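Notes follow the structure.
Quick note: the coordinates plus some simple rules give every number you see, no bench work behind them. No experiment lies behind these values; they were computed from the predicted model shown. Positions of Cβ are generated from backbone atoms using ideal geometry, with glycine treated the same way; all protein chains shown enter the neighbour counts.
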Ligand SMILES: NC(=O)c1ccc[n+]([C@@H]2O[C@H](COP(=O)([O-])OP(=O)(O)OC[C@H]3O[C@@H](n4cnc5c(N)ncnc54)[C@H](O)[C@@H]3O)[C@@H](O)[C@H]2O)c1
């Protein structure tokens with residue numbers, strides 16, 4: 001096995017200041033990548049980058065709203081001017097507030113689709129031309145297993161996450177001839193610091209009960225699959241959505 005897996009690769013990770021994105025940024029840096037960590041939470045993002053550098057890794061934090069081209073562009077420009085390439089883009093930024101459809105406002109619907117899906121378009125649109133030019137690149141979109149389960153009170157969220165899977169499939173066919181790989185991960189219920197904002201202990205226990213694996217999933221479980229999909233070890237995999245859900249949904 002080649003170690004480290006991402007030696008000198010340049011990776012952009014959105015929503016990197018917490019949870020799954022943070023685990024991806026840390027693991028990628030451990031595996032030799034030059035990480036560009038993007039998030040709207042400046043304090044947590046700066047702390048992460050400082051922490052990664054103190055551990056000997058490479059990480060630059062950029063305060064960026066993944067929905068807004070003008071805030072993401074400086075990170076992409078910096079990567080191109082310093083390293084001349086971007087090898088991986090991880091579209092991870094996302095929110096998951098619940099709302100019964102009958103109570104949902106137009107603003108809530110739009111915000112969900114903007115943050116979870118338009119951001120994928122915005123970041124990919126900025127990065128993919130460079131990948132096409134260099135004839136290589138790995139894009140990993142972080143969707144959700146809720147798309148396969150169809151849970152209530154998440155119609156806006158699941159619409160956005162299904163959109164990511166559709167986007168992945170179409171772009172994967174378009175980009176494969178250029179040497180650019182597009183894949184997707186569908187995590188199940190992952191134990192993050194922020195999960196308490198949306199799920200009760202009873203709901204969390206129910207999630208674990210539905211899994212084949214009798215333990216909570218950790219951000220690192222998702223980050224490891226993301227590492228695989230961002231490395232040459234997954235060169236035969238294109239347009240796929242891989243569930244990291246402890247066996248909750250088997251397809
Ligand atoms: N945690 C889970 O159980 C779970 C399950 C399935 C899918 N997911 C998906 O994984 C991704 C990460 O989830 P998480 O649980 O780590 O969330 P989290 O809330 O712990 O972290 C998300 C990060 O994204 C950032 N963010 C939010 N909006 C942003 C924007 N517009 N631009 C840039 N950054 C932004 C937040 O500041 C935060 O740091 C999301 O897309 C989520 O839908 C999570």
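In this simple spin-label approximation, residue 153 and residue 42 carry label points 7 Å from Cα along the Cα→Cβ vector, and these lie 3.4 nm apart. All Cα-Cα separations within region 125-251 were binned at 5 Å from zero, giving a P(r) of 2, 11, 18, 21, 19, 13, 9, 5, 2, 0, each value a whole percent of the pairs. When each of 184, 226 is scored by the number of other beta-carbon atoms lying within 10 Å, the sequence from fewest to most is 184, 226. Packing here is the average count of other Cβ atoms within 10 Å per residue, and on that basis the peptides 236-246, 103-113, 157-167, highest first, run 157-167, 236-246, 103-113.
In this simple spin-label model, placing a label point 7 Å from the Cα along the Cα-to-Cβ direction at both residue 118 and residue 50 gives a separation of 3.3 nm.
Note down the relative contact order for the chain as a percent, whole number, built from C-alpha pairs under 8 angstrom at least six residues apart.
On the way: 493 pairs, mean separation 48.4, N = 251.
It rounds to 19 percent for the chain.
Using 1/(1 + (r/R0)^6) with R0 = 25 angstrom and r between the beta carbons of residue 238 and residue 77, what's the FRET efficiency to the nearest 0.05? Here the calculated transfer efficiency is 0.35. Placing pseudo-labels 7 Å out from each Cα toward the beta carbon at residue 197 and residue 178 gives an inter-label distance of 3.4 nm. Considering the chain at the alpha-carbon level, its Rg and Dmax are found to be 17.2, 52 Å.
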